[in-house]
Amino acid sequence: MAVICLFLGLVSQAFAQTKSSIVYAPPSDDFVSIELQEFKGLPRLGVMDNYGDRNVNPRGGVRVGRNSAQLEKSKMVADGRNAFSLLVSLKYVKPFMDDLDKQSLTTVKGNISKTEANSAFLQRFLLSQVAPNLCLNEDCRNAGRGNNEFERLRNYKTFTDKFLEPLLNWSQQVFMNGEWIIYHVSTLNIGSNYDFDRGGYWVYHSLVLNDIFPMRQGVMKRVVFEPLSPYERALSNKLENPKSVPFFLQMDAQTAEGFKKKGNNRLYLVKKITLRPLDKELGDPTEPIEFGYSHETPDLEIYTDQGLTDHYRTLFMNDLTLKN
């Protein structure tokens, strides 16, 4: 960990940046550090680097083996994304914490009140996701465990008495300034249907970025395109489907054949975006948390490898050949 830097819109607290990741330090040793992959000094989300062999995408579905160090790094990044998603969830369900029964475990039976339903949902969320994934302290991690109902209740009350408030305070630092600048990575499939007449591939890029946050961690989150700049609005107005951009990727036949021989049937599209929580109050803690995003620049950087070390081409959102 070499450089201490602040990231606009994420938190006011310092991050430590390593060569390939950004580490978000917890408020105490009771909780985990959150490690996110890095690209050009900012968090990288979407398609992650799995730390496999560079520029290798074997044909016939054969996987390239990864050594124990690569597997450990990949797990650390997956754990970091999950933990960050849980922290975001905690921030936005905090207004419902007044409904949480901190003295007893809520039982769902028959017709229950909205307060009881909220309490039951929050308890499941805290015990099955937050405690096992954000806690290091054993008393904190044991929140949902116990050999009998008496032990489970004691463990739950220990969690709510000692650890819940620090976790909630930590979560409030997320999106403190209202936005988060990141790099988003997606794939472009080029495995078939080469267009010999035009010299390239028709590819598709989704504008709905629901892969920024892991779908199964915490409260569901939606990330939608909110065009702000003139080039974004112009592109949006040209699209028949506002959720996807079908565009032509120029590629000479020799290059395309070279990719095919190597079994490289996908490229990686990278764009710099600003993520903002939409100003929408949740009706209950089960509702999806909604975010909008816009592009920092019109640049669409394309790489041939998952590690983003082999740059192939730069396209621009205001100069794409769109499919009619």
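Tabulated data for the structure shown
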read-out	value
Cα gyration tensor category, rounded, prolate or oblate, for segment 151-196 with a/c compared to 1.5	oblate
Residue-averaged 222 nm ellipticity for the chain, from DSSP H runs of 4+ at -39500 (n - 2.57), nearest 500	-8000 deg cm²/dmol
Under Karplus coefficients 6.51, -1.76 and 1.60, residue-wise ³J(HN,Hα) of segment 246-263 in Hz, glycine/proline x	x, 9, 9, 9, 5, 7, 5, 4, 5, 5, 4, 5, x, 4, 5, 5, 7, x
Calculated FRET efficiency for the pair residue 220/residue 324, C-beta based, R₀ 45 Å, to 0.05	0.85
Max mean-square fluctuation residue, GNM over the chain, Cα-Cα springs under 10 Å, options 91, 272, 262	262
Karplus (6.51, -1.76, 1.60) ³J(HN,Hα), θ = phi - 60°, over segment 203-208, in Hz, Gly and Pro reported as x	10, 10, 10, 6, 8, 9
Computed over segment 182-324: relative contact order in percent, which uses C-alpha pairs under 8 Å that are six or more apart	31
Carbon and sulfur %, accessible surface of segment 188-233 computed with the full protein complex present, 1.4 Å	51
Mean separation of Cα contacts under 8 Å, 6 or more apart, over the residue count of segment 270-324: relative contact order %	31
Residue 289 long-range amide H proximity, modeled H, under 5 Å	220, 221, 222
Highest-fluctuation residue, 230, 214, 95 considered, GNM on the chain with Cα pairs under 10 Å	230
Net charge of neighbours whose Cβ lies under 13 Å from the Cβ of residue 212, counting Lys and Arg as +1 and Asp and Glu as -1	+4
Candidates 171, 229, 294: whichever shows maximal mean-square fluctuation once the chain is modelled as a Gaussian network with Cα springs under 10 Å	229
Distant-in-sequence amide H partners of residue 251 (H built 1.01 Å from N, under 5 Å)	200, 201
Under the Karplus curve 6.51 cos²θ - 1.76 cosθ + 1.60, θ = phi - 60°, whole-Hz ³J(HN,Hα) for segment 84-98, x wherever Gly or Pro sits	5, 4, 5, 5, 4, 4, 4, 4, 8, 9, 3, x, 8, 5, 5
Radius 12 Å from Cβ of residue 169, net charge of other residues (Lys, Arg +1; Asp, Glu -1)	+1
Longest exposed-site-free window of the chain, the sites being GluC sites (Glu not before Pro) in a DSSP loop that have at most 14 other C-beta atoms within 10 Å	1-239
Whole-percent pair-distance distribution, where bins are 10 Å wide, for the alpha carbons of the chain	5, 23, 28, 23, 14, 6, 1, 0
Between helix 149-162 and the chain: long-axis angle, C-alpha atoms, 0 to 90°, nearest 10	70
Normalised contact order of the chain, rounded percent, pairs of Cα under 8 Å and 6 or more residues apart	20
Residue 38 long-range amide H proximity, modeled H, under 5 Å	21, 22, 44
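The values are calculated or read from the model by the stated rules, or taken from the named source; none is laboratory data. Everything quoted here is computed from the prediction, not taken from an experiment. Quick reminder, even Gly has a Cβ in these numbers, built from the backbone with ideal geometry, and neighbours come from all protein chains shown. Please note that ligands, DNA and RNA were not included when accessible areas were found on the heavy atoms of the full protein model with its side chains. Shrake-Rupley method; radii C 1.70, N 1.55, O 1.52, S 1.80 Å.
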